[in-house]
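Asks: Let me begin by handing over the structure; questions about it come next.
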Amino acid sequence: MSSNSLRDADIRYVLHPYTNLAAHEAQGPFMAMRGEGIRVFDENGKDYIEGMAGLWCASLGFSEPRLKEAAMRQFDLLPFFHQFSHKSHEPGILLAQKLIEMAPVPMSHVFFANSGSEANDTVVKIVRYMNNALGRPQKKKIISRQRGYHGVTVAAASLTGLPLNHRNFDLPIEGIRHTSCPHYWRYGQEGESEQQFTDRMAAELEEMILAEGPDTVAAFIAEPIMGAGGVVVPPAGYFPKIQAVLKKYDILMVADEVICGFGRTGKAWGSQTFDIQPDILSCAKALSSAYLPISAVMVNERVYEAVKKGSAEIGAFGHGYTYSGHPIAAAVALETLAIYEERQIFDHVANVGPTMQAALRQLETHPLVGNARGIGLIGALELVADKDHKVPFDPALGVGAQVVARAQDEGLILRSMAGDIVAFSPPLIITESEIEEMMARFNRALSAVTASLAVPV
Ligand code: PMP
């Protein structure tokens, strides 16, 4: 089909996720036609560096032949089988074993799903089922955080702490609470040190637990680095303090490693970078380099034992997806993990990440950049109207969106989020020189928008 007909058909037939549909009818889609390395190409052959690896996910870029071959081998052998009621298959078994071997802390068993949202919905159900099995049905509440992002299905969207995902969808569901977001630069009070701030975060969590009643709170869920909430890197010592509170009240720690898992922060897991010891861990995205949908929930021995007890005593664990552990997706995930090891991708991130971080930090002298942050190959710039007082732009100006649109003209795909935060999360295979090219394209875009806003430089 010609690109013009495709464009028309897109407007006519596709209900786009996370899109202003009226605006879409006017402006039409951006269509990627093919991919190569860290780049995608539009219908005119113009190249774009994918500075977000799609949606923080295409870790091996857009043309890894081994993932295609792994999928084709499994297509030939057994394209589908499932894991319900004692059924199993080789890629599903091997992938579970591999994930347990890689886990940041001793884990026991793996449940598979198809997306980050499904993984986190599964977390909610495991937590509920587990406590029913343990005969303490009142211990069910889950504490998440404002600006946390855990997905969009009904329970996962409830865990998410962003108004856009609640308002208009009649969410959250009952039993979900949201505690403060640990964004020190934005929410630290006048004269408050980073340490005082983390003490306050832990104290606020404890107050919430005491107000709810500790025997009603079952779990706490957090991303090591908040992604969609604005790439919020926790301040030093945050997670150890939070976990001390959780331990005191017998509350499970759930790490949502959907973005951070598999090297994004320069280590295999964000939990290792930020000293988190999860009882439950959800992951997705880079598990298969996003080439096929697959996600996983790992649970430790204590959680597994409770679910096992329940399945014997209160009725089998009545939860699972047709495609849980889909054999082709599992085969692609296994190959992805093998490539990470062979090419030492996590060490590569630790080596080249500082180049991207230094380029972002350098921009803190720019008049529009209030804060630059990140670690490894995840980072962000928070754009503000007044740097000295951290005053945000009027959201109606859409300054972050303007920068992202301009970057796209320059051949760089990025994402902006609420608060004029521009995120960077390129494929993990990006090289030093490609990082330099990415930042050069970005700087041209930022300069153009700065000039149009007439900010004194
Ligand atoms: N958790 C986190 C931390 C995420 O970033 C996302 C997606 N961006 C999800 C969960 C939901 O994943 P999915 O879109 O695959 O449902």
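Asks: Starting from residues that are farther than 24 Å from Gly353 by Cα and either under 20 Å from the mean Cα position of the chain (by Cα) or modelled with pLDDT under 95 (or both), keep the ones in region 402-435 and report whichever is surrounded by the fewest Cβ atoms within 10 Å (Cβ to Cβ).
Replies: Among those residues, the one meeting the criterion is Ala418.
Asks: Moving on to the next point. Name the residues in region 134-155 that are part of a loop (DSSP other than H, G, I, E, B) and β-branched (Val, Ile, Thr), would you?
Replies: Val152, Thr153
Asks: Confirm whether Ser282 is in contact with an Asp or Glu (Cβ under 6 Å, 6 or more places away or on another chain), closer than 23 Å to Ala96 by Cβ and within 15 Å of the ligand (Cβ to nearest atom).
Replies: Spelling it out, Ser282 is indeed in contact with an Asp or Glu (Cβ under 6 Å, 6 or more places away or on another chain), closer than 23 Å to Ala96 by Cβ and within 15 Å of the ligand (Cβ to nearest atom).
Asks: Within region 99-120, can one find any residue that is at pLDDT 95 or above, in the same structural domain as Pro278 (by TED's automatic domain parsing), hydroxyl-bearing (Ser, Thr, Tyr) and within 16 Å of the ligand (Cβ to nearest atom)?
Replies: Checked against the condition, which is being at pLDDT 95 or above, in the same structural domain as Pro278 (by TED's automatic domain parsing), hydroxyl-bearing (Ser, Thr, Tyr) and within 16 Å of the ligand (Cβ to nearest atom), region 99-120 yields at least one hit.
Asks: Additional query: Within the group Gly370, Gly379, which residue is more than 21 Å from Tyr149 (Cα to Cα) and either of a type in the set (Lys, Arg) or in a strand (DSSP E or B) (or both)?
Replies: Just one listed residue meets the conditions, Gly370.
Asks: Further, regarding this structure: Out of all the residues in region 124-143, is one or more within 15 Å of the ligand (Cβ to nearest atom), in contact (Cβ under 8 Å) with a residue 12 or more places away in the chain and assigned by TED's automatic domain parsing to the domain that holds Leu281?
Replies: Looking through region 124-143, at least one residue is within 15 Å of the ligand (Cβ to nearest atom), in contact (Cβ under 8 Å) with a residue 12 or more places away in the chain and assigned by TED's automatic domain parsing to the domain that holds Leu281.
Asks: Take the conditions under 25 Å from Lys141 (Cα atoms) and either free of Cβ contacts under 8 Å to residues at least 24 places away in the same chain or within 16 Å of the ligand (Cβ to nearest atom) (or both) and apply them to Glu313. Does it pass?
Replies: For Glu313, the condition - under 25 Å from Lys141 (Cα atoms) and either free of Cβ contacts under 8 Å to residues at least 24 places away in the same chain or within 16 Å of the ligand (Cβ to nearest atom) (or both) - is not met.
Residue-by-condition table, conditions (1) out of contact with any Phe, Trp or Tyr (no Cβ under 9 Å at 6 or more places or on another chain); (2) at pLDDT 95 or above; (3) of a type in the set (A, V, I, L, M); (4) away from the ligand (no atom under 16 Å from the Cβ):
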position: His16; (1), (2), (3), (4): yes, yes, no, no
position: Thr19; (1), (2), (3), (4): yes, yes, no, no
position: Ala26; (1), (2), (3), (4): yes, yes, yes, yes
position: Met31; (1), (2), (3), (4): yes, yes, yes, yes
position: Glu36; (1), (2), (3), (4): no, yes, no, yes
position: Glu43; (1), (2), (3), (4): yes, yes, no, yes
position: Gly51; (1), (2), (3), (4): no, yes, no, no
position: Gly54; (1), (2), (3), (4): no, yes, no, no
position: Leu60; (1), (2), (3), (4): no, yes, yes, yes
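Asks: Continuing with this model, one more query. Counting only residues that are assigned to a loop (DSSP other than H, G, I, E, B) and among the polar types (S, T, N, Q), which one in region 167-184 is nearest to the chain's Cα centre (by Cα)?
Replies: In this case the residue turns out to be Ser180.
Asks: Which residue out of Leu55, Leu15 is more than 27 Å from Leu428 (Cα to Cα) and either without any contact (Cβ under 8 Å) to a residue 12 or more places away in the chain or in a helix (DSSP H, G or I) (or both)?
Replies: Going through Leu55, Leu15 in turn, the sole match is Leu15.
Asks: Is it the case, given these coordinates, that Leu164 is at pLDDT 95 or above, in the same structural domain as Ser282 (by TED's automatic domain parsing), within 16 Å of the ligand (Cβ to nearest atom) and assigned to a helix (DSSP H, G or I)?
Replies: The answer is yes for Leu164.
Asks: Please work out which one of (1) closer than 29 Å to Glu64 by Cβ; (2) surrounded by fewer than 22 Cβ atoms within 10 Å (Cβ to Cβ) is the condition Ala385 fails and give its number.
Replies: (1)
Asks: Please pick out the residue among Gly161, Gly175 that is among the small types (Gly, Ala, Ser) and surrounded by fewer than 20 Cβ atoms within 10 Å (Cβ to Cβ).
Replies: Residue meeting the stated conditions: Gly175.
Asks: Let me ask something else about it. Here are the criteria: (1) within 14 Å of the ligand (Cβ to nearest atom); (2) part of a strand (DSSP E or B). Tell me which single one Met253 does not satisfy.
Replies: (1)
Asks: How many residues does region 133-154 contain that are surrounded by fewer than 24 Cβ atoms within 10 Å (Cβ to Cβ) and either over 23 Å from Val245 (Cα atoms) or at pLDDT below 95 (or both)?
Replies: Looking only at that region, the number is 5.
Asks: Same structure, new question: Looking only at region 316-328, decide whether some residue is within 13 Å of the ligand (Cβ to nearest atom), surrounded by 23 or more Cβ atoms within 10 Å (Cβ to Cβ) and closer than 16 Å to Phe112 by Cα.
Replies: There is no residue in region 316-328 that is within 13 Å of the ligand (Cβ to nearest atom), surrounded by 23 or more Cβ atoms within 10 Å (Cβ to Cβ) and closer than 16 Å to Phe112 by Cα.
Asks: How do the pairs read when you match residues in region 219-232 that are within 19 Å of Ile176 (Cα to Cα) with residues anywhere that are buried (at least 24 other Cβ atoms within 10 Å of the Cβ) and among the basic types (Lys, Arg), using Cβ under 7 Å and keeping only pairs 6 or more apart or on different chains?
Replies: Ala222/Arg145; Met226/Arg147; Gly229/Arg147
The values are calculated or read from the model by the stated rules, or taken from the named source; none is laboratory data. Every value quoted in this text rests on a predicted model; they were computed, and no experiment measured them. Note: ideal-geometry Cβ built from the backbone for every residue, glycine included; neighbour counts use all protein chains shown.
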